[in-house]
Amino acid sequence: MLTAKKHIPLLLKTLLILGFGYFFWLMLNITLEYIPFDPNVSFLMIKQTEVQDRPEYLPFFYTHVYTSIFVLFSGFLAILRKDFGIKNFHRNIGKVYIFLILILAAPSGIYMGFFANGGFFSKMSFVILGSLWWFSTCKAYLCARQKRFKEHKQWMWRSFALTLSALTLRIWKVIIVYLFHPNPMDVYQIIAWLGWIPNILLIEYLIAKKHI
């Protein structure tokens with residue numbers, strides 16, 4: 001019985017890694033759709049007004065898409081808190097994660113939020129998401145600089161929970177469309193909030209219960 005209990009955490013970690021690997025692969029395929037630069041593919045097909053009327057939209061869009069895949073990967077490695085036999089690996093991969101979010105991914109995401117599909121409430125959600133993403137990552141960085149490592153860990157988990165919204169909003173979209181067949185714009189309004197609020201609530205619960 002004790003042996004079975006001992007192996008449960010290892011099994012859960014294995015399932016989490018496999019699950020992340022699968023969804024990361026799906027996200028990578030989505031990213032590759034935008035290589036080479038083509039404003040007439042996938043999501044950009046429904047953003048032609050922005051593409052044509054706002055010359056800055058595509059640079060922001062590509063910045064967000066191309067950096068987010070590296071943010072996902074580096075964030076996952078940082079959260080594992082392992083060096084994998086490489087000196088200072090955790091610290092350096094964490095720096096990559098933080099730099100990409102603060103300088104590129106979050107600012108471009110906030111900009112795109114102002115032009116999100118689904119109307120005012122969708123736009124508000126994505127702007128809030130991007131702002132919280134930047135803020136939580138900045139707090140993680142500052143806590144690390146001040147050697148407040150417990151708080152650093154908690155803020156990193158908050159940041160990564162928001163990073164995972166790129167995955168969870170797509171999972172929610174599949175579930176909602178499959179079960180309810182709503183109007184496409186209604187879907188955007190729903191997943192705009194579902195994509196990140198449950199994530200951050202789960203992390204806050206785990207922090208409150210001292211699991212993180």
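Give the residue, chosen from M156, M185, that is out of contact with any His (no Cβ under 8 Å at 6 or more places or on another chain), under 25 Å from Y22 (Cα atoms), aliphatic (A, V, I, L, M) and touching a residue at least 12 places away in the same chain (Cβ under 8 Å). When all the criteria are applied, what remains is M156.
Is it fair to say H64 is modelled with pLDDT under 95 and assigned to a helix (DSSP H, G or I)?
Judged against the criteria, H64 is not a match.
Just one of the listed residues (I98, I93) is farther than 16 Å from L169 by Cα, in contact with a helix residue (DSSP H, G or I) (Cβ under 6 Å, 6 or more places away or on another chain), free of Cβ contacts under 8 Å to residues at least 24 places away in the same chain and surrounded by 20 or more Cβ atoms within 10 Å (Cβ to Cβ), and it is I93.
The residues of region 137-154 that are within 13 Å of L102 (Cβ to Cβ) and among the aromatic types (F, W, Y) amount to a single one, Y141.
So that you can scan it fast, the table gives a plain yes or no per residue for (1) modelled with pLDDT of 95 or more; (2) closer than 13 Å to I200 by Cα:
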position: A144; (1), (2): yes, no
position: M156; (1), (2): yes, yes
position: A161; (1), (2): yes, yes
position: Y178; (1), (2): no, no
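So for region 26-39 (the condition being in a helix (DSSP H, G or I) and at positive phi), does at least one residue qualify? No; the residues of region 26-39 include none that is in a helix (DSSP H, G or I) and at positive phi.
The values are calculated or read from the model by the stated rules, or taken from the named source; none is laboratory data. A quick note: this is a predicted structure, and the numbers were derived from the prediction, not measured. For neighbour counting, all protein chains shown are included, and Cβ atoms are generated from backbone atoms with ideal geometry for every residue, glycine included.
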